[in-house]
Amino acid sequence: MSYHIRIRDRQNDKVYEADIEGDRYILESLEQQGINLPFACRNGACTACAMRVKSGKIEQHEAIGLSTALQEEGYALICSGYAISDLDIETQDEDEVYQIQFGQFFAKRKRHWFQLGLFLDFDHD
Ligand code: FES
């Protein structure tokens with residue numbers, strides 16, 4: 001089944017529209033139509049391809065790098081997601097999803113140097 005997709009590329013101030021098949025990854029389908037959007041790993045792990053879903057639904061059971069909470073907040077990884085309805089999506093800010101999902105963990109840590117000269121991290125309460 002095919003679906004219509006509208007993508008707002010906020011960084012390049014462009015809007016793309018296309019029809020994509022529901023049994024192919026969204027990113028791959030768009031690339032085959034000459035629409036190039038951000039990506040890195042292409043396997044649902046890095047969040048570089050994360051989009052904000054303005055309307056519609058994306059099946060993303062393969063998106064291991066995106067928490068269920070963020071999926072429910074309206075984010076999706078298009079490298080490993082399939083359209084299951086017409087979609088209206090937009091690009092995220094650079095590292096937006098990564099910071100929301102992982103940034104909090106780095107901010108809580110203090111770094112210490114040890115006698116062997118190794119740079120080690122550990123949690124501090
Ligand atoms: S390109 Fe890495 S999660 Fe999609």
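The values are calculated or read from the model by the stated rules, or taken from the named source; none is laboratory data. None of the values given here were measured: they were computed from a predicted structure. No Cβ is skipped: glycine too gets one built from the backbone with ideal geometry, and neighbour counts run over all protein chains shown. We work out accessible area using only protein heavy atoms, side chains counted, and drop any ligands, DNA or RNA first. Shrake-Rupley method; radii C 1.70, N 1.55, O 1.52, S 1.80 Å.
Could you list, in sequence order, the residues of the range 29-55 that are within 10 Å of the ligand (Cβ to nearest atom) and among the polar types (S, T, N, Q)?
N43, T47
Quick check, is L70 surrounded by 14 or more Cβ atoms within 10 Å (Cβ to Cβ) and touching a Ser or Thr at 6+ places or on another chain (Cβ under 8 Å)?
Details: surrounded by 14 or more Cβ atoms within 10 Å (Cβ to Cβ): yes; touching a Ser or Thr at 6+ places or on another chain (Cβ under 8 Å): no.
Spelling it out, it is not the case that L70 is surrounded by 14 or more Cβ atoms within 10 Å (Cβ to Cβ) and touching a Ser or Thr at 6+ places or on another chain (Cβ under 8 Å).
Is there any pair with a first residue in the range 64-92 that is without any contact (Cβ under 8 Å) to a residue 40 or more places away in the chain and a second that is open to solvent by 10 Å² or more (accessible area, probe 1.4 Å) and of a type in the set (D, E, K, R) whose Cβ atoms are under 7 Å apart and which are 6 or more apart or on different chains, and what are they?
Every condition considered, the pairs that remain are G74/R52; Y75/R52.
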